[in-house]
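Visitor: This is the structure I want to talk about, given as structure tokens.
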Amino acid sequence: MSKGLIIVLLISPLVGFLINGLFGKWLKGNEKLSGGIGALTVLISLICSIIAFSHIQGSEKPFNEVLYSWIAGESFSFNIGFHVDALTTVMLLVITGVGFLIHVYSIGYMHGDEGYTRYFAYLNLFVFAMLILVLGNNYLMMFVGWEGVGLCSYLLIGFWYEKQSATDAGKKAFIVNRIGDFGFLLGMFTLFAAFGSLDFVSIFDNAEAGTFKQIFGASTLVIATLLLFVGAIGKSAQIPLYVWLPDAMEGPTPVSALIHAATMVTAGVYMIARSAVLYNLAHTGQIVAWIGVLTALFAAIIALKQNDIKRILAYSTVSQLGYMFVGVGVGAYASGIFHLVTHAFFKGLMFLTAGSVMHAMANELDIRKMGGLRNKLPITHATFLVGALAIAGAPFLSGFWSKDEILHSAWGSSKIIYIIGLATAFLTAFYMFRLIFVTFYGKSRVEPEVASHLHESPAVMWVPLAILAVPSALIGLLLGVGGHNSWFHHFTEKVAGFKGGHVEASGNIVLFMVISMIVGIAGITYAWTRYKNRVPSAEPTNALQKLVANKFYVDEIYNTFIVQPIKNASHFLLWKLFDVGIIDGIVNSVAALIRVIGGTLRRLQTGLVQVYIVSMVIGIVLFLAYYLFFA
């Protein structure tokens, strides 16, 4: 593998961003050219990723190269460098593979939008930032990519900036993520203070050897890993910082598929997997696993009573991210990343199929106004069904393999985590098929005007759906057969820290698969009995349903006890006291002083020649007196 290959892989989307960004004014009238450039640059990165994957598969050592020195000091230096191993190539294939299909889908979905070229510029910039995040060989480069995807998320969530709800959602995502990023920064500072470096290899080697400054005593690694985890909580939407992701659905649906299902929100899972050595030594994985499983359950409960098709998928994403954190938290890093891969395909597929439904339904989002769509949208229905079966853990589809591996590993770590995870699996199957049955089955509840125009999406949109449906169904068979002894596990076990995970999977994995299969089928069956001929009620019928339908009032609680107090304090301290009282007071006082001085001096300018002559004579007399008597 050469540095040139990695540079082309990384730079290609940046070129697409520059072309669409700088020449968008001239490309505005040619959508196919603008969209084609955006998709082509990601395709080039995908081809390079496949080549990199083939090199790593046949190599025993990771590719680790420094491109150049970025910041150099007397006792430290930060480099621009690449670290490519099995974990990196898996992430590269997900980012560029799913990303390419979403770019192609977007060519049709965004047709006619005034911000067409701007959209593809932002999308290319996001892919570039995500590639920096996973290719970097140190935490500083990771953080640059981390902030880059945060910026692109803000730009794309608020893409339709004419809508107040979109701009509010973009600001909410940006601010909530800054809370997590502050923790990430503190974690980086702690690592640098302890190790004198931010390079992965240097930190991991010294951590295993115990040769680092214990700036917080024996708790140094504990504090560092927990601070890094705060960053992961923000970026990957875990309790208590998950609230930004459901609102992020205000952006275009392909954005939801790429950023908020397949790639950016998995950055926190990737970061913990990359830092596996540190988490193994610090023994903080149980905290990660508990936050993950509680988030999975909490988000699944909220999804039960949502009626917005994209918000149901959003809470499903939060829940599935929780499963990934359970995997990496209990030390089953390969299982957590395996679920990341399968989730990228089936959740990306479901978001795009939701976009196809919206395309046919004139952007309608409420599933209560749908029904009977399977005959009008046969391809959309079939592909959505594949994704739903995969996430529900239907036998031998992708989610069946990856989710069961995590639950099997969780059993060896904590029986309670396993039970909560299993209960969440039942809820997942139930709310996903509630969505399926209400949207695609039963009697049509579509408005007559909309019903007259119902049609399947154009080929540029449904072909990516058909392609994504294949790995959503089969990738588990390709990668996961054999459980913890599968090809995927053997491929990733060379990643630093993966074999050192403290998971002790126990029991026959086949038995666990059978149990999960029964639970998933039970959830689907229960959804069928409840919603095959029934529409969700317009209003909750009891206090518990109202609590769930209103998302446990978490946003309202945050607004009452955090947002408003801060705004009120800022209003008084920063505006009335500091801004008006001090800053404006100083500026206004200076202006008043100058006005007084100017008003006094202008009295000397009378316009009378006699006064000026007298003034000159007095000045001359005083001047001569000074030289005669004092000089």
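The values are calculated or read from the model by the stated rules, or taken from the named source; none is laboratory data. Every value quoted in this text rests on a predicted model; they were computed, and no experiment measured them. Cβ coordinates were reconstructed from backbone atoms using ideal geometry, including for glycine residues, and neighbour counts include every protein chain displayed. What goes into the accessible areas is simple: the full protein's heavy atoms, side chains included, and nothing from ligands, DNA or RNA. Shrake-Rupley method; radii C 1.70, N 1.55, O 1.52, S 1.80 Å.
Visitor: In nm, to one decimal, how far is the modelled label at Lys443 from the one at Lys3, with both set 7 Å along Cα→Cβ?
Guide: Once both label points are built, they end up 7.0 nm from each other.
Visitor: Could you point to the residue in Leu365, Leu198, Leu185 farthest towards the positive end of the chain's charge dipole, with +1 and -1 charges on the Cβ of Lys/Arg and Asp/Glu respectively?
Guide: The Cα lying farthest towards the positive end belongs to Leu365.
Visitor: Calculate, in nm to one decimal, what Leu304 and Ala466 gain on full extension: separation in residues at 0.36 nm each, minus their alpha carbon distance.
Guide: Taking Leu304 through Ala466 to full extension adds about 55.6 nm, to one decimal.
Visitor: On to the next question. Rolling a 1.4 angstrom probe over the protein heavy atoms, how many square angstrom per residue are accessible across segment 495-631?
Guide: That works out to 76 Å² for each residue.
Visitor: Also, I was wondering about something else. With a sphere of radius 14 Å drawn around the Cβ of Leu465, what net charge do the other residues whose Cβ falls strictly inside it have (Lys, Arg +1; Asp, Glu -1)?
Guide: Local net charge: 0.
Visitor: In the chain, if the dipole is taken from +1 on Lys/Arg beta carbons and -1 on Asp/Glu beta carbons about the Cα centre, which of Leu227, Ala248, Leu304 is farthest to the positive end?
Guide: Highest projection toward the positive end goes to Leu304.
Visitor: Now a separate question. What distance in nm separates the simple spin-label points at Val15 and Asp205, each placed 7 Å from Cα in the Cβ direction?
Guide: 3.5 nm
Visitor: Could you tell me the distance between the Cα centroids of segment 260-329 and segment 425-439, to the nearest Å?
Guide: Rounded to whole Å, the Cα centres lie 19 Å apart.
Visitor: Please report, in debye to the nearest 20, how large the charge dipole of segment 1-114 is about its Cα centre when each Lys and Arg carries +1 at its beta carbon and each Asp and Glu carries -1 there.
Guide: The calculation lands at about 260 debye.
Visitor: Send over a whole-number figure in Å² for the accessible area per residue of segment 1-48, probe 1.4 Å.
Guide: I get 51 Å² per residue for this part.
Visitor: For segment 1-147, give the percent of accessible area contributed by carbon and sulfur heavy atoms, probe 1.4 Å, rounded to a whole number.
Guide: 65 percent
Visitor: If you don't mind, there's one more thing I want to ask. Can you sort Met141, Met517 by 1.4 Å-probe accessible area, starting with the largest?
Guide: Met517, Met141
Visitor: Top to bottom by accessible area (1.4 Å), largest first, where do Arg602, Arg530 land?
Guide: Arg602, Arg530
Visitor: Determine which lysines satisfy two conditions relative to Lys172: a Cα distance under 29 Å, and not lying fewer than 8 residues away in the same chain.
Guide: Once the sequence-local lysines are set aside, what remains near Lys172 is Lys163, Lys235, Lys305, Lys310, Lys347, Lys369, Lys546, Lys551, Lys567, Lys576.
Visitor: Quick one: if the Förster radius is 51 Å, what FRET efficiency do Val450 and Gln214 give, using the C-beta to C-beta distance and rounding to 0.05?
Guide: Computed FRET efficiency for Val450 and Gln214 comes out at 0.20.
Visitor: For Lys494 and Arg602, calculate 0.36 nm times their separation in residues minus their Cα-Cα distance, and state this gained length in nm to one decimal.
Guide: Residue separation times 0.36 nm, minus the Cα-Cα distance, leaves 30.5 nm.
Visitor: Can I ask one more? Sort 343-355, 209-221 by the packing proxy (mean of other Cβ within 10 Å over each peptide's residues), most packed first.
Guide: The peptides rank, most packed first, as 343-355, 209-221.
Visitor: Using a simple charge model, +1 on the beta-carbon of Lys and Arg, -1 on the beta-carbon of Asp and Glu, nothing else, what dipole does the chain show about its Cα centre, in debye to the nearest 20?
Guide: Rounded to the nearest 20 debye, it is 1160 debye.
Visitor: Can you give the accessible area per residue of segment 55-128, in Å², using a 1.4 Å probe?
Guide: For segment 55-128, the per-residue accessible area is 39 Å².
Visitor: Right, something else. Test of understanding: what is the full-extension gain from Leu33 to Ala423, defined as 0.36 nm times their sequence separation minus their Cα-Cα distance?
Guide: 135.6 nm
Visitor: What distance in nm lies between label points placed 7 Å from Cα along the C-beta direction at Gln164 and Ser59?
Guide: Once both label points are built, they end up 5.4 nm from each other.
Visitor: What are the equivalent ellipsoid semi-axes of segment 115-200, built from the alpha-carbon gyration tensor (square roots of five times its eigenvalues), in whole angstrom, biggest first?
Guide: Value: 29, 16, 5 Å, ordered largest first.
Visitor: In percent, how large is the relative contact order of the chain, given Cα pairs closer than 8 Å and 6 or more residues apart?
Guide: 12 percent
Visitor: Determine the share of segment 428-532's accessible area contributed by carbon and sulfur atoms, expressed in whole percent, with a 1.4 angstrom probe.
Guide: That fraction is 68 percent.
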